[in-house]
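S.K.: Right, I'll just put the structure down here and ask away after.
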Amino acid sequence: MKPARATRGFTLIELLVAIAVMALLALVSWQGLEGMARAQTINRERSDAVLTLQTALSQWTADLDATVALAQIRAMDWDGRTLRLTRRSTDSALPVVYVVAWTLRSDAAGVARWYRWQSPGLTGRPEWQQAWDRAAAWGQDNGSSNELRGTEIGLVPLEAWQLFYFRNDVWAPAVGAAALGAGSPLPDGVRLVLSLPPGPALAGVLTRDWVRPTASVPKSS
């Protein structure tokens, strides 16, 4: 009877090669997973940035749509840095107005952001004047007054923003309330130009035009 042949095992070189191959496969798999996770993070950041921008622009449009021109009350004023608006409530049964302000300022981390400020509901001219002045002070404030910053919200990061008014059938840089005049306290249109900083989510220049709902359309000749 022949003796059983001994089973041949792996040599040291074969084991080392196998270990190296498995390590390489593990490394490739890990890099693939890391790449997928990075792509998901970028997509999520972009989606969040787009959603925040859309929400901010929707609020901007809603504020302009609700702007009202009342006797002895300014409807809109631009000082080159901050836009102030007097707007009605979204609740028709609530007879109040709000002062709203938009500006560009730095947050606590030093990131320049587009900010919105809103007063409580106002029912009289003295209250409105106080809120109007507070909005102007908020637009010039650098963060020293908590009272002025109690109703603000920081929105999208910005490098710069510009405003243009459509008046007399042409677009021109936005002007103050005194230049608009009491006879036409609101322009026929407002052009918003936002300069978004470079980043993985959004970047570049965004332009958004708003047309006053009651603006008259010039007849074509």
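Each reported figure results from applying straightforward, stated rules to the coordinates on display, with no laboratory input. A quick note: this is a predicted structure, and the numbers were derived from the prediction, not measured. Every residue, glycine as well, gets a Cβ built from its backbone with ideal geometry; the counts of neighbours run over all protein chains shown.
S.K.: Restricting to Cα atoms and excluding each atom paired with itself, what does the Kirkwood estimate give for region 44-211 in Å?
M.R.: Taking every pair of different Cα atoms in region 44-211, averaging 1/r and inverting gives 16.6 Å.
S.K.: While we're on this one: Using mean Cβ contacts within 10 Å as the protection proxy, how do 76-85, 45-54 order, highest first? Kindly include the intermediate steps, with their values, before the conclusion.
M.R.: Numbers: 76-85: 19.5, 45-54: 13.8.
Packing order, densest peptide first, comes out as 76-85, 45-54.
S.K.: So, counting K/R as plus one and D/E as minus one, what does the shell of residues with Cβ under 14 Å around Trp78 add up to?
M.R.: Within the 14 Å Cβ shell, the charges total +2.
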